[in-house]
Amino acid sequence: MSKESNKLTGVQKAAILFITLGPEASSSILKKLPEAEIQKITYEIANITSVNSEQRENILNEFLEINKARDYIIEGGMDYARQLLSKALGSQRATEILDKVSEATQQYRPFSIARKADAHQLLNAITYEHPQTIALILCYLPADKSAQVMAELPEETQSEVALRIATMKDTSPMVIKEIEKVLEGKLSSVVRTEMTSLGGVETLVGILNQVDRTTEKNITESLEREDAELADRIKSSMFVFEDILTLDDISIQRILRETDVKDLALALKGCSEEVGDAIYRNQSKRAAASLKEDMEFLGPVRLMDVEKAQQKIVSVIRRLDDAGEIIISRGGEDAIIV
């Protein structure tokens, strides 16, 4: 890392990183940040007049190194990360990188044993635990492993665990340690890794996006009975407008037949070129040209209105998926036979 880059603040480095990544990648990351952070970063971007190639390369490398370090920490803890980074970059550089990793990343993360255990072994160990205990453990697992475990739980347990994951907030460290001790006795040695935030709608959505359609439907229907508003938030988060890119052309054409042209023009004002191209190629030349004219006629629009229009179209997509008229690709055994 050059001395020039070391003088920059974290926000300035983030701004240069987003400039380096380009508008499409940057916008997808920015929209996930807190509003206050977005304001700080966009202000810096607006005030940066030039960035030399060396500075861009240094900041991009730092970003990649820090993320690699975090992955190593999650996998095996600080000592494991230090060992791998030292082997690849030297001990001094490894220390510098780990020092830059956030305090949250360096904290103790329980249930490493659960992440390393076979999903079937883990299922046997926790099936008869309280749903809150199961939910807590699944929050610490990768979404694909949580999905495997969730899909094999009894149906009544699935809905209880799902509700607790979605509504989970802060958990006492003492409770976590007690649960970890029980799991340690069932699955043997525990590896220490860092503590991170867990639970919430995003965690559950990540799991549900990996399970098969039957499991997802069972859980969402149960949640609707328990908490309709929460169920709506979860369902709306499971497929976002940009995910249209994952659909086949026949499905997109079916969606377009159900979509108001005004909503479509507004929705496309805030999306990537790739999404726009996917829509245009599934229209006639005349319809695509007319849609582009409608978008130009709209002029500047509020982000809130764009998001509302996109959500209307997502609702159409979810309805058609529920009716079996289109297929949203999922994990698990939700295979497609041609």
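Only alpha carbons enter this Debye calculation for segment 257-319, each as an equal point scatterer, and the log10 of I(q)/I(0) it gives at q = 0.11 Å⁻¹ is -0.22.
Pairs 68/292; 186/235; 181/235; 145/269; 169/308: which exceed 32 Å Cα-Cα?
Details: 68/292 42 Å; 186/235 35 Å; 181/235 35 Å; 145/269 37 Å; 169/308 28 Å.
Among 68/292; 186/235; 181/235; 145/269; 169/308, the Cα-Cα distance tops 32 Å for 68/292; 186/235; 181/235; 145/269.
Sorting 315-325, 283-293 by their mean Cβ neighbour count within 10 Å, with the most densely packed peptide first, gives 315-325, 283-293. Compared with the direct C-alpha span, the chain from residue 175 to residue 28 gains 49.3 nm at full extension, assuming 0.36 nm per residue. Among 86-93, 17-24, sorting by the average number of other beta carbon atoms lying within 10 angstrom of each residue, highest first, gives 17-24, 86-93.
Bear in mind these aren't lab numbers, they're just calculated from the coordinates by the rules spelled out. Just so it is clear, the structure is predicted and the values come from calculations on it, not from any experiment. Positions of Cβ are generated from backbone atoms using ideal geometry, with glycine treated the same way; all protein chains shown enter the neighbour counts.
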